[in-house]
1. Which longest uninterrupted range of the chain lacks any trypsin sites (Lys or Arg not before Pro) assigned by DSSP to a loop state (not H, G, I, E or B) and surrounded by at most 12 other Cβ atoms within 10 Å?
2. In whole percent, what relative contact order does the stretch 1-131 give with Cα contacts below 8 Å and a gap of six or more residues?
3. For the chain, what value does the Rg/Rh ratio take when both radii are computed over Cα atoms and Rh is the Kirkwood radius, given to two decimals?
4. Only helical DSSP H runs with n ≥ 4 go in: add -39500 (n - 2.57) per run for the chain, normalise by residue count and round the 222 nm mean residue ellipticity to 500 deg cm²/dmol.
5. Amide H of L20: which non-local residues (sequence gap of 5 or more, or other chain) have their own amide H closer than 5 Å, using H built in the peptide plane?
6. Would you mind checking the pairs K9/K116; K9/K94; K10/K116; K51/K116; K51/K119 and listing those with alpha carbons more than 25 angstrom apart?
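No value in this document is a laboratory result; all are computed from the given coordinates. On a predicted model such as this, the values are computed, not experimentally measured, just so you know. Here the Cβ positions follow ideal geometry from the backbone for every residue, glycine too, while neighbour counts run over all protein chains shown.
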Amino acid sequence: MFLAKTFQKKFDFHRRIVLLVVGNINGEYGERVLQTFDKSENVILKLPTQKYKNLPMYYQMSDLSIFPKQCSLSFYDAQACGLPVVSENNNINKDRLKYNNGFTFRSGDSIDLRDKIMKCVEMNNSSFKEMGNNAVKFVIENFDYENIARQYLEIILNKYRMFHS
């Protein structure tokens with residue numbers, strides 16, 4: 001509902017801003033959320049929950065990823081695709097976004113979220129591209145599967161040598 005209300009009023013920008021929402025919206029609460037989305041002055045595309053292996057396609061077609069509440073491991077997938085992220089300012093997200101790879105907004109503050117979205121939209125292309133590059137760099141330097149696999153292999157080999165020497 002927070003995201004639906006944040007996107008209710010039209011974003012004042014010379015290009016159309018489109019929100020793509022991926023995930024199921026069910027039940028009575030879900031119906032209220034859908035009704036709020038339907039009243040939006042912005043274009044909102046709603047897709048059901050997708051298979052994990054299909055998510056990169058949606059990240060790659062996007063310019064920005066927004067996590068309006070808790071932020072899952074999908075944060076890293078979005079960043080690995082070069083997407084700057086805007087998410088609420090809890091301790092985890094503040095730490096994740098301290099590399100000029102996105103922004104945090106005050107929790108529950110739709111005006112601040114809109115401001116952060118507009119900050120991204122109004123950025124010059126080179127600064128925004130740099131933010132996306134920083135997102136990729138952050139994931140590669142800290143969570144690259146090859147590096148993690150190498151670390152595990154080193155631990156396993158050290159344990160093996162310890163018991164077989």
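1. Working: sites that count: K9, K10, R15, R16, K39, K51, K69, K98.
It runs 99-165.
2. Values: 164 pairs, mean separation 26.7, N = 131.
The normalised contact order for the stretch 1-131 reaches 20 percent.
3. Working: Rg = 19.0 Å, Rh = 17.6 Å.
That ratio is 1.08, to two decimals.
4. Working: 8 runs with 87 residues, N = 165.
About -16000 deg cm²/dmol.
5. L45
6. Values: K9/K116 15 Å; K9/K94 27 Å; K10/K116 15 Å; K51/K116 29 Å; K51/K119 31 Å.
From K9/K116; K9/K94; K10/K116; K51/K116; K51/K119, over 25 Å: K9/K94; K51/K116; K51/K119.
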